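In what follows, a single structure is set out as structure tokens and then discussed.
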There are 8 protein chains.
Amino acid sequence: MILGLGKTPAQTAAIAAEIVRRGSTLLVTRASREAYDAVRAEVPDATYYPDAAIIALRQQDVSPGKGTIVVAAAGTADLPVAEEAAKTAELMGNDVCRLYDVGVAGLHRLLGERARLASARVVIVVAGMEGALPSVIAGLVSVPVVAVPTSIGYGASFGGIAALLGMLNSCASGVSVVNIDNGFGAATIASLINHL
Amino acid sequence: MILGLGKTPAQTAAIAAEIVRRGSTLLVTRASREAYDAVRAEVPDATYYPDAAIIALRQQDVSPGKGTIVVAAAGTADLPVAEEAAKTAELMGNDVCRLYDVGVAGLHRLLGERARLASARVVIVVAGMEGALPSVIAGLVSVPVVAVPTSIGYGASFGGIAALLGMLNSCASGVSVVNIDNGFGAATIASLINHL
Amino acid sequence: MILGLGKTPAQTAAIAAEIVRRGSTLLVTRASREAYDAVRAEVPDATYYPDAAIIALRQQDVSPGKGTIVVAAAGTADLPVAEEAAKTAELMGNDVCRLYDVGVAGLHRLLGERARLASARVVIVVAGMEGALPSVIAGLVSVPVVAVPTSIGYGASFGGIAALLGMLNSCASGVSVVNIDNGFGAATIASLINHL
Amino acid sequence: MILGLGKTPAQTAAIAAEIVRRGSTLLVTRASREAYDAVRAEVPDATYYPDAAIIALRQQDVSPGKGTIVVAAAGTADLPVAEEAAKTAELMGNDVCRLYDVGVAGLHRLLGERARLASARVVIVVAGMEGALPSVIAGLVSVPVVAVPTSIGYGASFGGIAALLGMLNSCASGVSVVNIDNGFGAATIASLINHL
Amino acid sequence: MILGLGKTPAQTAAIAAEIVRRGSTLLVTRASREAYDAVRAEVPDATYYPDAAIIALRQQDVSPGKGTIVVAAAGTADLPVAEEAAKTAELMGNDVCRLYDVGVAGLHRLLGERARLASARVVIVVAGMEGALPSVIAGLVSVPVVAVPTSIGYGASFGGIAALLGMLNSCASGVSVVNIDNGFGAATIASLINHL
Amino acid sequence: MILGLGKTPAQTAAIAAEIVRRGSTLLVTRASREAYDAVRAEVPDATYYPDAAIIALRQQDVSPGKGTIVVAAAGTADLPVAEEAAKTAELMGNDVCRLYDVGVAGLHRLLGERARLASARVVIVVAGMEGALPSVIAGLVSVPVVAVPTSIGYGASFGGIAALLGMLNSCASGVSVVNIDNGFGAATIASLINHL
Amino acid sequence: MILGLGKTPAQTAAIAAEIVRRGSTLLVTRASREAYDAVRAEVPDATYYPDAAIIALRQQDVSPGKGTIVVAAAGTADLPVAEEAAKTAELMGNDVCRLYDVGVAGLHRLLGERARLASARVVIVVAGMEGALPSVIAGLVSVPVVAVPTSIGYGASFGGIAALLGMLNSCASGVSVVNIDNGFGAATIASLINHL
Amino acid sequence: MILGLGKTPAQTAAIAAEIVRRGSTLLVTRASREAYDAVRAEVPDATYYPDAAIIALRQQDVSPGKGTIVVAAAGTADLPVAEEAAKTAELMGNDVCRLYDVGVAGLHRLLGERARLASARVVIVVAGMEGALPSVIAGLVSVPVVAVPTSIGYGASFGGIAALLGMLNSCASGVSVVNIDNGFGAATIASLINHL
């Protein structure tokens, strides 16, 4: 698994080829189309998921998870990070249920999704701006919540700091946090939990 | 109106006496009992409200507000700031409705108070930690919401910064923010609105 | 109402079409001309206000406000945010009076506008750099002041933090604050107040 | 479950009595001995664990977890937070294995505990200063790691910020983070995972 | 000249004795009464100014300044810093005019002091909270303004950072800034200017 | 005098034309060549100083200063800010002496310029990185030192914060500070002092 | 030795020519290919090392170091900084041993390099993200460790602050730190030590 | 070697006894007299150095260093940290030369100590406030400089951040930095270098 950020397409392709040669599932995050073009030259079967900015090739080393991972997000602008999480979780063998457009300022939509939230074995919550969604969702479920702050926002959001701090200070129990925009990390944790 | 913080009891008492002499309503915030003892020697009719840390003497210059100001807060530890806001608003001539113990991690209590929220002409929301309550309440009402971050919390709450940033980045419209722990300021604004 | 920031023109146009279909007034902020071109293909009657970076189409759901909203700003560079506030307020049914070029370092111009300030039911003050204008104006009026820090400045203005902190610490009462550059948010609050 | 911080002994005791009356397990964190004295007057069977600063009374509502939770910490000064986590996890029905004194600057001790690490269903890692321990441990196990930064340190540790940032930026996958000194929160998440 | 902060009374007294022995004017800032007691044992003629927290003994090495230094401050709580500046300037041989209680939220008082401001050769402006006073005063005078942020305030004043940033970003020209609470430093600069 | 930053060439040209029409000296800082082209169309006699990024046209309203302003800077990368200060000071009627390439890590060059430093009526010191030069120079002269931090540096210089903090904490007396990169502001203060 | 950052190719070339004329070894860091083209016109024998972004021409003034400097780094993205350090050290006359790809999350690779680490007279450790590598390596060696945080990372790495703070708070003794991305500085220190 | 900070006297004494039992030199930093009383009960031969806040008992495991370590500091208030460094270095077997009272604002004193600086094999520089001393000293010597920022200062020194940033951004080469107030850490590095 490769973090595409800060690597050239050529570096990415070389590491990708090595991973596939070892028989491991390939998963490149923050991957540009240029990186995909370079990877495809080495790994022709690799697929590019542009909404998630992920290059992947699933191999035999992935076993199925036990339950469903719900990925919840509030807004259109958070979707790239939510998709990075959802697609990563799927590639790791998990059933994923996407709940997008469930913000805290419109509780009725969120409350309308209670049944699907209740079906989750673990919930990933992706939110920018004030980052309040994990607290509200954690109050509605009794499974672990992995919160992902996003860099979406402007002014005093400070590139995701406001959301990050909000999530770290969540008044609801059961919430842990990963780095800003780290959809991949959240999916890895959720998948570890879902495979226990 | 005097901010008690950073003034000696003697300084507070001298300014208080001068205010009362001019026929103005006296309102000292962040007032210790020592300050009250000093003030009472000069202004015998002044009252001390320990929950709000306010010394006050209402005079003729206060006119009644038009509607109700709801003061909402989530937790026990936020009550001193909430009371500073509520008592200030009352002393400025407003009807005040207190909704304490309505946190975002227990939505049912908050939703159970919808009718009272709907009756407000303006809502003051006091919250520490992640400061998510104003966003949720602003999604439930269609009147102005004045948000007060509190310094309650620990670690990455940074003395109220997390709550402050959360409120400034609220995804709900209609939310404006005052300084950390500034219950008095929120009440002043709410009262100005309620007297329009 | 759509925050254009972080959305593609296609995403903006799709949401805009949906809003208009529901009969609601359309208001897109931080909108580029490219976004406008995409919206116009879906909503031919939409108008673009380049000074405010707003795309809008007013519909039947807007009722007139009761008084005048004054929008005050100090400098040329703050005008895009001031216009976002002023145009938003107008589209929400309010009479708006613009007082631009009234900085704290040239008090005579500001004092010369006292009559117009006194006519306001609520004042929006837009300021970058040290953000001192709201304190001075709040000392001259007795209505609510909504302060908007802007990201204008350099060096130790830190993208609007200096102005934001200045406004949060205002020594004048009656001042509440919104996020940096959030002219839309300020207008929404002012309009809520003006419709009470 | 009560966060003792910011509450008076009397407030704590009142809430504690109410919790026990409802038949729920009582767990007060950051509890002083004064708080314990107040609680014991209301709840005579409550126990005080001074190393963890916890007051507790376990009731029927706790079910046993499935595996072992390992709590790892590097230094003497981090033990209060580690004990808050370990004791909380035990009170929630989990088997807990404590691995204290396993810092990154003395890898041999850590590597000597590999077997016990491998036996965990979830690992809580408590660390101050540079907060590097979670990364190293996550590289040695294949279960979820919940990282707790502590406020231990001086100078550029900034009350736990250095450790918090270190953990959020962990290069190892499977690490999620809770607030500084939040041993209780980490234990709650670990217990949720261990009860799945 | 000695900064008393961070020195024991004994250390202060020893340095003070040495300074006087060399024939230089003694000036200890941030001096406690305990420090004064220790100094007086070595330098019996030294005087203590409690409002300014200064111990001093003026000697022959001080020459008179050419004009008047105005020291302006807004609030009661800023007076210790203002007095440190004013008393230091006097001890350095300057005529000092104190303008206290001239805040930006009450412009009429400030405007009423225009004549005295106009008489200054240099102005020291001491302000906490939003730190707006230097900008306003610099717009009224045409001499150098030395701004001193104070640590007065709470919440988002961050111990004087808000005032410091406000002053550094002053939109008025002619304003330079010293460290938070550094009344002594401002007076030294003003005195250098006044002796040119 | 116009801060070019954040204004379009057209806005700059319009304000410039107005200033010249009033008979005032024109001085535009942070001016691009595009801005100059626009200004020249309105004010044909205006001159562009590319090293200082200044557009100017001196008029009758400038009187000569009394002494020399020394502008000192340490490194090649600080020269744009140093030139903004030096050229501004010259346009305001002052004799300016430039001491470039006098860094604290090469004391001999600095000590070799003692005579020229001693000739100054006021010194402007421009420095990035650790910002130590003002302290060292203030220890060598007995006139006011105006310190200008620059945004030069990388990593932990944080765009000039390191230099700014260094200067605010100068252990030498007589140093006051302006905003990061604010050569214009320093020159204005120095010129005010030099015209006293 | 020249820091290329913030200088134009022409400025760089002029200083380079002057250095070579004095007979000193030329070393330009953060050098673009454009800068190299300009330098080569003046100093035809200069070499460009693109991986290290260094232009150099070694001369007679370099003496050999006594032992080996190990340069360790964890990830592909940190290599430009590691190469700046390694190449600088070589140009200063030192034997350099590169240990790249030895991250804390894969201890086996690091432990497999123990022999080479033990051979070092001084170790330079380059790391981004959480910056934990210096602590782990310092626990394995008994020579000085110079730690270089890199700006590699995203979100809460804050451009290298997380790594910088982690290194400053290292629980291992023997670690000192240089500025973010300052491979050159680390090499200079290591070379000074290696020449003792 | 024990960091006393954050440990109780009893914890300190227990670890101290264990260290001595193993035959290792005992060195407790940040040690209070209470800690010493507890240690002495277990280790009667231990000595307390109050100026350095160090408890120590030197044993056979210390070998002599090769040259002299100079410890330089500017001010009285920095002495506790300087003494922690100097005493630690001595206990580790090094000859130490103390140069106290050599600040950058009084260059003549510093230049008068050139000979002693030149005699050093490594220099430790301790400085608070703007932290400029290491840059100046590094310009005078050609051996490694280990810089220790101290928390001495007020206002914008931010507990040592200003000094820390100043040192990290040193324009002089050969300077590396340790944590704020970490005299022990600097001495350890200097001793490692001096024993090479």
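The values are calculated or read from the model by the stated rules, or taken from the named source; none is laboratory data. Keep in mind the model is a prediction, meaning the values are calculated, not measured. Methodologically, a virtual Cβ is constructed for each residue, glycine included, from the backbone with ideal geometry; neighbour enumeration extends over all protein chains shown. Only protein heavy atoms, including side chains, enter the accessible area calculation; ligands, DNA and RNA are left aside. Shrake-Rupley method; radii C 1.70, N 1.55, O 1.52, S 1.80 Å.
Here D:A74 qualifies as within 14 Å of chain G (Cβ to nearest Cβ), open to solvent by 10 Å² or more (accessible area, probe 1.4 Å) and in contact (Cβ under 8 Å) with a residue 40 or more places away in the chain.
Only one of (1) free of Cβ contacts under 8 Å to residues at least 24 places away in the same chain; (2) within 21 Å of B:G93 (Cα to Cα); (3) assigned to a helix (DSSP H, G or I) fails for B:A16. Which number is that? Only one criterion is unmet by B:A16, namely (1). Being within 14 Å of chain E (Cβ to nearest Cβ), of a type outside the set (A, V, I, L, M, F, W, C) and farther than 30 Å from F:V143 by Cβ is true for just one of H:G159, H:G128, H:G155. Which residue is that? When all the criteria are applied, what remains is H:G159.
A quick yes/no check of all residues on (1) under 25 Å from A:V102 (Cα atoms); (2) buried (at least 24 other Cβ atoms within 10 Å of the Cβ):
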| residue | (1), (2) |
| --- | --- |
| B:A132 | yes, yes |
| B:S142 | yes, no |
| B:T150 | no, yes |
| B:A156 | no, yes |
| B:S170 | yes, yes |
| B:V175 | yes, yes |
| B:V178 | no, yes |
| B:D181 | no, yes |
| B:G185 | no, yes |
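Checking each residue in region A:131-152 for being hydrophobic (A, V, I, L, M, F, W, C) and within 14 Å of chain C (Cβ to nearest Cβ) picks out only A:I152. Candidates B:K66, B:K87: the one that is surrounded by 22 or more Cβ atoms within 10 Å (Cβ to Cβ) and basic (K, R) is B:K87.
Restricting H:D61, H:D45 to residues that are out of contact with any strand residue (DSSP E or B) (no Cβ under 8 Å at 6 or more places or on another chain), in a loop (DSSP other than H, G, I, E, B) and in contact (Cβ under 8 Å) with a residue 12 or more places away in the chain narrows the list to H:D61. Among the residues of region F:73-96, just one is out of contact with any helix residue (DSSP H, G or I) (no Cβ under 6 Å at 6 or more places or on another chain) and assigned to a strand (DSSP E or B), namely F:D95. Of all residues in region C:83-110, those that are hydroxyl-bearing (S, T, Y) have Cβ atoms under 6 Å from Cβ atoms of residues that are buried (at least 22 other Cβ atoms within 10 Å of the Cβ) and not in a helix (DSSP H, G or I), 6 or more apart or on another chain, in C:Y100/C:A73. Test E:L192 against the stated conditions and say whether it is more than 21 Å from C:L164 (Cα to Cα), part of a helix (DSSP H, G or I) and either at the interface with another protein chain (Cβ under 7 Å from one of its Cβ atoms) or out of contact with any Leu (no Cβ under 7 Å at 6 or more places or on another chain) (or both). Here the answer is yes, as E:L192 does meet what is asked. Can you work out which of the residues in region H:103-114 that are modelled with pLDDT of 90 or more and among the hydrophobic types (A, V, I, L, M, F, W, C) is surrounded by the fewest Cβ atoms within 10 Å (Cβ to Cβ)? So the residue we want is H:L111. Among the conditions (1) under 24 Å from F:L165 (Cα atoms); (2) open to solvent by less than 10 Å² (accessible area, probe 1.4 Å), H:L79 misses just one, which is (2).
Restricting the search to region B:168-189, which residues are outside any loop (DSSP other than H, G, I, E, B) and more than 17 Å from B:L79 (Cβ to Cβ)? Residues satisfying the conditions are B:L168, B:V175, B:S176, B:V177, B:G185, B:T188, B:I189. Within region C:115-122, can one find any residue that is outside any strand (DSSP E or B), surrounded by 23 or more Cβ atoms within 10 Å (Cβ to Cβ) and not hydroxyl-bearing (S, T, Y)? The answer is no, given that none of the residues of region C:115-122 is outside any strand (DSSP E or B), surrounded by 23 or more Cβ atoms within 10 Å (Cβ to Cβ) and not hydroxyl-bearing (S, T, Y).
Residues that are closer than 19 Å to F:I180 by Cα and among the hydroxyl-bearing types (S, T, Y) were ranked within region E:159-195; the one that is nearest to the chain's Cα centre (by Cα) is E:S176.
Among the candidates D:S24, D:S119, D:S32, the residue that is out of contact with any helix residue (DSSP H, G or I) (no Cβ under 7 Å at 6 or more places or on another chain) and within 22 Å of D:T150 (Cα to Cα) is uniquely D:S32. Are any residues in region A:35-51 in contact with a helix residue (DSSP H, G or I) (Cβ under 8 Å, 6 or more places away or on another chain) and either under 21 Å from D:A172 (Cα atoms) or open to solvent by 70 Å² or more (accessible area, probe 1.4 Å) (or both), and if so, which ones? If the condition is that a residue be in contact with a helix residue (DSSP H, G or I) (Cβ under 8 Å, 6 or more places away or on another chain) and either under 21 Å from D:A172 (Cα atoms) or open to solvent by 70 Å² or more (accessible area, probe 1.4 Å) (or both), then A:D37, A:A41, A:E42, A:P50, A:D51 are the ones that fit. Restricting attention to region D:66-77, the residues that are among the small types (G, A, S) and modelled with pLDDT of 95 or more total 3. Taking the criterion of being within 25 Å of G:V28 (Cα to Cα) and within 7 Å of another protein chain (Cβ to nearest Cβ), the residues of region G:162-187 that qualify are G:L164, G:S176, G:V177, G:V178, G:N179, G:I180, G:D181, G:N182, G:G185.
Every condition in (1) under 22 Å from F:A74 (Cβ atoms); (2) free of Cβ contacts under 8 Å to residues at least 24 places away in the same chain holds for H:L165 except the one numbered (2). Of all the residues in region G:34-76, those that are touching a His at 6+ places or on another chain (Cβ under 9 Å) and among the charged types (D, E, K, R) number 1. Restricting attention to region G:138-167, the residues that are assigned to a helix (DSSP H, G or I) and farther than 18 Å from H:S191 by Cα add up to 13.
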